[in-house]
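The values are calculated or read from the model by the stated rules, or taken from the named source; none is laboratory data. Keep in mind that this is a model prediction, so the values were computed, not measured. Please note: Cβ atoms are built from the backbone with ideal geometry, for glycine as well, and neighbour counts cover all protein chains shown. SASA here: full protein model, heavy atoms, side chains in, ligands and nucleic acids out. Shrake-Rupley method; radii C 1.70, N 1.55, O 1.52, S 1.80 Å.
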Amino acid sequence: MNTDQFLVKSELKRIDKASFTWQTPSNIALVKYWGKNNPQIPKNASISFTLNNCHTITTVDFAHKQSSELDLESEKVVTFNLFFEGKQKDEFKPKIAEFFKRVQEYCPYIFEYEMTINSTNSFPHSSGIASSASGLSAIAMCLMSLEKELSAELSTEFINKKASFLARLGSGSASRSIEGPLVVWGKHPEIEGSSDLFGVQFPHKVHSVFENYQDVILLVDKGEKQVSSTVGHKLMINHPFAENRFKQANENLGTMSKILQEGTMADFINLVESEALTLHAMMMTSNPYFILMKPNTLEIINKIWEYRQENNSAICFTLDAGANVHVLFPENEKEDVVQFIENQLSKYCQKNHYICDTVGFGAKKL
Ligand code: DP6
């Protein structure tokens, strides 16, 4: 695999101070990534809708270290401070320190700066919505903004590709949070340009029914995740169904590619729901085993099925590695479905809380 393309080869300028702010979104997978090899190489290709309203805004201030400080360091160290929602958050530092360790080979300039990271999420931290995809993609974009200032002209295409590559090293799904509205990550024979190293925009023309597709996130359980993704992916090692699952996911991605181009809604609904339930089936059949759905998750799924049948609707659901439910539907059903959610589903959410989102277009520089 050609990771050399991401090494810094040109001479870098010296800049004393710089500051960049990026807004990057969360995403929701239609075909799921579950299982990986080192270093952050997915066992199968995945595809997601980029979201719009669920995002992270991150500013990174870079201040060049004094020459004396740099000379003194016998070993190179990455120096950073981290603030989340205005407060210093040392408990988040190990994950970011690990991220910097993984990217330092590709971003050697980080040793030369003291970095101050200020981050906020548009969604509540304790909502059960994973913030690693939006959080790490935002830092990756800030690093690429610095790299652009330091080196000769870099193309937007390269910046996005390398940002996705860096974000992936922090969290796999973060590689799918740089662009939108549909991103594939993982090498797949039917997706031209696809790679295990970074996400690429879905290369085909998508049927108009998927324009402005809606995602309402029902917050069934806002607690800390019962299974972290690091633990979760490891469950696929020696899992009795792993090889079949990876094969199935790649086949599903091929099928999904056709569905997205043709707009065959019944097939879309079937595949998206089957992927969600398969992800949870993998967790139920691993050892140790987990049930991440809550009783209210099942209540909601049954209500969605009833509503779909009674109203001839294209509503469907998907799930992350948790109890929350993502309700997906076309824009022309928005008024009716939001009414249905408010009247019949919000009671299954903690404090009746749900978030209305729509498909988005990726990272924005602020
Ligand atoms: C169930 O990207 O959070 O959301 O690479 O360990 O950070 P790490 O895992 P992560 O896993 C996401 C799993 C998923 C499915 C998906 O988004 O494809």
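Quick look at the numbers
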item	result
Max mean-square fluctuation residue, GNM over the chain, Cα-Cα springs under 10 Å, options Trp305, Trp22, Trp185	Trp305
Geometric extent, Cα atoms of the range 214-366 - Rg, Dmax (angstrom)	16.4, 47
Candidate residues Asp61, Asp16: accessible-area rank, largest first, probe 1.4 Å	Asp16, Asp61
5 angstrom amide H check on Gly360, placed H, neighbours 5+ away	Thr50, Leu51, Asn52
Nearest 10 degrees, 0 to 90: helix 242-262 Cα axis against the chain principal axis	80 degrees
Dimensionless Rg/Rh of the range 294-339 - Kirkwood Rh, Rg from C-alpha atoms	0.97
C-alpha long axis of helix 295-311 to longest principal axis of the chain, angle in °	60 degrees
Sequence-separation-based contact order of the range 1-91, relative, with Cα cut under 8 Å and 6+ spacing, percent	28 percent
Solvent-free Debye scattering, log10 I(q)/I(0), computed from the Cα coordinates of the range 1-41 at q = 0.16, 0.32, 0.35 Å⁻¹	-0.92, -1.09, -1.15
For q = 0.14 Å⁻¹, Debye-computed log10 I/I(0) when each Cα of the range 4-98 counts as one equal scatterer	-0.93
Antiparallel %, DSSP beta bridges [both residues in the chain], to 5	90 percent
Debye log10 I(q)/I(0) at q = 0.13 Å⁻¹ for the range 272-323, Cα point scatterers	-0.34
Where Val78, Val31 fall by accessible area, highest first, once all protein chains stay in place (1.4 Å)	Val78, Val31
Equivalent ellipsoid dimensions for the chain as semi-axes, Å, which come from the Cα gyration tensor, largest first	36, 22, 20
Which of Asp196, Asp267 is most accessible, then next, and so on - probe 1.4 Å	Asp267, Asp196
Residue pairs, from the table Lys17/Lys87; Lys222/Lys347; Lys13/Lys87, whose Cα atoms sit over 26 Å apart	Lys13/Lys87
Met256 accessible area, 1.4 Å probe, all protein chains in place, Å² to nearest 10	0 Å²
Solvent accessible area, Å² - Glu262, 1.4 Å probe, full protein context	110 Å²
Where the chain is the region considered: accessible area per residue in Å², 1.4 Å probe	45 Å²
Within the accessible area of the chain (1.4 Å probe), percent carbon and sulfur	48 percent
Positive dipole terminus of the range 242-355, leading residue within Phe290, Ala314, Leu279 (C-beta point charges)	Phe290
Heavy atoms of Tyr113: accessible area, 1.4 Å probe, square angstrom to 10	0 Å²
Max mean-square fluctuation residue, GNM over the chain, Cα-Cα springs under 10 Å, options Thr156, Thr79, Thr318	Thr156
Mean residue ellipticity (222 nm) of the chain, computed from DSSP H runs ≥ 4 via -39,500 (n - 2.57), nearest 500	-10500 deg cm²/dmol
Principal-axis tilt of helix 93-103 within the chain, Cα atoms, nearest 10 degrees	70 degrees
